[in-house]
Amino acid sequence: MDYVSALVPPVVMAVFFIGLIRVIVKTQGGANKAKEDAAVDAALARAEGAHQAVRDAEA
């Protein structure tokens, strides 16, 4: 019975990990993709603007 108690935690973790991967794959794309892409683009633009402002201040 020790082997059962040794195998239960990895099996449970594997099941949850597979579930997590399935959720991640299912939520990629779809209706929210454009909204998520726009949010990432806005964050990148803000970061680039801040980086450029620092560069201009140093010059």
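Structural remarks
- So Leu44, is it at pLDDT 90 or above, under 21 Å from the mean Cα position of the chain (by Cα) and either part of a helix (DSSP H, G or I) or not aliphatic (A, V, I, L, M) (or both): yes
- Cβ-Cβ distances below 8 Å connect no pair with a first residue in segment 30-53 that is of a type outside the set (Phe, Trp, Tyr), a second residue that is surrounded by 10 or more Cβ atoms within 10 Å (Cβ to Cβ) and outside any helix (DSSP H, G or I), and a separation of six or more residues or different chains.
The values are calculated or read from the model by the stated rules, or taken from the named source; none is laboratory data. None of these values were measured; they are calculated from a predicted model. Cβ: placed from backbone, ideal geometry, glycine included. Neighbour counts: every protein chain shown.
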